[in-house]
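Visitor: This structure is in structure tokens; I'll ask about it shortly.
The values are calculated or read from the model by the stated rules, or taken from the named source; none is laboratory data. Every value quoted in this text rests on a predicted model; they were computed, and no experiment measured them. Counting neighbours? That spans all protein chains shown, and the Cβs are built from the backbone with ideal geometry, glycine included. Surface accessibility is based on the protein's heavy atoms, side chains included, excluding ligands, DNA and RNA. Shrake-Rupley method; radii C 1.70, N 1.55, O 1.52, S 1.80 Å.
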Amino acid sequence: MALHDDLLAQAARLARTDKNRSKQANLRRAASAAYYALFHLLIDQGSRFLIAGPQREALRHQVARSFDHGQVKRAAQAFATVGANASPWRAVLGAPPSQPLTSVALAFIELQEARHEADYDLARAFTRGEVEALLARAKAGFSHWHAVAGTAEADAFLVALLLKGRT
Amino acid sequence: MDVAARVEKALEKMGLPDWVETTHIGPMLDHTGDPAVRVIVVVRPDREAIVRDGEALTALVQKIHAAAEKAGVDVLVYTRFTVSGQAA
């Protein structure tokens, strides 16, 4: 399985590993893993879009290192907004982003915020239901991505993930 | 009207699914320091399974997002789900 699939599976194991009351350590790591699962799916798809071919894995890995969490969030924001003047990408897309693509973008934004809270905000506690919901949204993000992968709008999204300061 | 109040009004107008017990809506700063709104959707305890239904959650988040946009909210709206009565 690819890293992003393994991270999603790991998130599910961590979220459910405690029989009774869930430990914060497991819930927080689950939230973090759910985010990284979607992040790594997107950078895998982005680097494969840019560098195709089975013999070019080393170069693809190098491209994958170039993706920046902040830029991916900015790209997701540009595609999550469906308003008429939402984004410079509207001229490229010619139409609002589809619901599946919007949902991937929204899931990414939410999961990134949750990951920061999980990793750094000790003032609040996570509940099992909250983390199950984050995991469910990450899984839905995977499914919605696969529904649009290879389309013109998905390709535009992958390019936007890398173009710093131009979305 | 402040942004969180606008989101609250938009959600009242939108209507929420029957598995939602209540919502808590308030302003926040996200991890990048940008102003945002947080919507906490509290799921009824007898509908706890919905937190594992990514399609249902995603559909509601998209509706919330669209309603907020329509209401002129130009900050991110972060939606989090929790189950009523569930302890941390």
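Visitor: Charges on Cβ only, +1 for Lys and Arg, -1 for Asp and Glu, centred on the Cα centroid of the protein assembly as shown; of A:VAL72, B:ILE64, A:ALA25, which one is farthest towards the dipole's positive end?
Guide: Positive-most Cα among the choices belongs to A:ALA25.
Visitor: Another question about this same structure. Kindly work out what percent of the DSSP beta bridges joining two residues of the protein assembly as shown are antiparallel, to the nearest 5.
Guide: 55
Visitor: Counting only heavy atoms of the protein chains, get the accessible area per residue of chain B (1.4 Å probe) and round it to a whole Å² value.
Guide: Using a 1.4 Å probe on heavy atoms only, each residue of chain B averages 48 Å².
Visitor: Moving on. Would you mind calculating the relative contact order of the stretch A:57-167 from Cα pairs under 8 angstrom and at least 6 residues apart, reporting the percent as a whole number?
Guide: 41
Visitor: Helix-derived [θ] at 222 nm for chain B: sum -39500 (n - 2.57) over DSSP H runs of at least 4, divide by residue count, nearest 500?
Guide: Helices in chain B give a 222 nm mean residue ellipticity of -10500 deg cm²/dmol.
Visitor: Taking loop as defined by DSSP and a crowding limit of 12 other beta carbons within 10 Å, which trypsin sites (Lys or Arg not before Pro) in the stretch A:29-115 fit?
Guide: Loop-located and lightly packed - A:ARG65.
Visitor: I would also like to ask the following. With only Lys, Arg, Asp and Glu charged, each at its Cβ (+1 for the first two, -1 for the last two), find how big the charge dipole of the stretch A:91-167 is about the Cα centre; round to the nearest 20 debye.
Guide: 120
Visitor: Determine the dipole magnitude for the protein assembly as shown: charges of +1 sit on the beta-carbon of Lys and Arg, -1 on that of Asp and Glu, nothing else is charged, the reference point is the Cα centre, and the result goes in debye to the nearest 20.
Guide: 360
Visitor: While we're looking at this one, here's another question. How far apart, in nm, are the 7 Å Cα→Cβ label points at B:ASP53 and A:ASP119?
Guide: Those two pseudo-labels are separated by 3.3 nm.
Visitor: I've got another one for you. As a test of the formula, what do you get for chain A when each DSSP H run with n ≥ 4 contributes -39,500 (n - 2.57) and the sum is divided by the residue count, at 222 nm and rounded to the nearest 500 deg cm²/dmol?
Guide: Calculated at 222 nm, the ellipticity per residue is -23500 deg cm²/dmol.
Visitor: OK, next. For chain B, what is the percent of antiparallel DSSP beta bridges, rounded to the nearest 5?
Guide: 55
Visitor: On the accessible surface of the stretch A:32-116, probed at 1.4 Å, how many percent belong to carbon and sulfur atoms?
Guide: Accessible surface attributable to carbon and sulfur in the stretch A:32-116 totals 53 percent.
Visitor: Once you've got the Cα coordinates, tell me which of A:LYS23/B:LYS9; A:LYS23/A:LYS73; A:LYS73/B:LYS13; A:LYS19/A:LYS139; A:LYS23/B:LYS63; A:LYS19/A:LYS73 are over 26 Å apart.
Guide: A:LYS23/B:LYS9; A:LYS23/A:LYS73; A:LYS73/B:LYS13; A:LYS23/B:LYS63; A:LYS19/A:LYS73
Visitor: Select from A:GLN71, A:GLN112, A:GLN62 the residue whose mean-square fluctuation is largest in a Gaussian network model of chain A (Cα-Cα springs shorter than 10 Å).
Guide: Judging by the Gaussian network model, the answer is A:GLN62.
Visitor: Further question: Most fluctuating residue of A:ALA133, A:ALA123, A:ALA34 in a GNM of chain A with Cα springs under 10 Å: which is it?
Guide: Sorting by GNM fluctuation, first place goes to A:ALA123.
Visitor: If you don't mind, there's one more thing I want to ask. Could you give the size of the charge dipole of the stretch A:1-140 about its Cα centre, using +1 on the Cβ of each K and R and -1 on the Cβ of each D and E, expressed in debye and rounded to the nearest 20?
Guide: In total the dipole reaches around 200 debye.
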